[in-house]
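To keep things clear, I will list the structure first and then write my remarks on it.
The values are calculated or read from the model by the stated rules, or taken from the named source; none is laboratory data. This is a predicted model, so every value here is computed, not measured. FYI the Cβ positions are ideal-geometry reconstructions off the backbone, even for glycines, and counts take in every protein chain you see. Please note that ligands, DNA and RNA were not included when accessible areas were found on the heavy atoms of the full protein model with its side chains. Shrake-Rupley method; radii C 1.70, N 1.55, O 1.52, S 1.80 Å.
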Amino acid sequence: MQQWLSPDLVQTTGAAMATVIGAVTAWQAREVAKLRERVAALEDQAASDQRRFRDAIRLIRALQSHIDELLTFLRLHVPGQEPPLAKYRIPATLEEEI
């Protein structure tokens, strides 16, 4: 039992454990850095998606309003009258999607 507690063996075991702990800590730090980058990218994407979603909602509302105008035009049509012009504009954030 006494030879298991020799100073050299304790020191060697401690150094080996410290090396393993250091390697695990370095690996964890790399993984945390990767995850932080991924979270930042996902947050940016979520903000972009939210802006596009709001633009899409505004466009849908404008299109619905224009449809209502066209329906009114068809119900109350007077010969020679032109249909109302569209008052909406497709947002730049949605042009690629459409």
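Annotations
- Any chance residue 49 is at pLDDT 90 or above, touching a Leu at 6+ places or on another chain (Cβ under 6 Å) and either under 17 Å from residue 97 (Cβ atoms) or among the aliphatic types (A, V, I, L, M) (or both): no
- Among the residues of the stretch 71-98, the ones that are open to solvent by 60 Å² or more (accessible area, probe 1.4 Å) and part of a helix (DSSP H, G or I) come to 7 in all.
- Residue among 38, 30 that is in a helix (DSSP H, G or I) and under 30 Å from residue 97 (Cα atoms): 38
- Subset of the stretch 18-55 that is farther than 27 Å from residue 95 by Cα and of a type in the set (S, T, N, Q) - its residue that is least open to solvent (accessible area, probe 1.4 Å): 25
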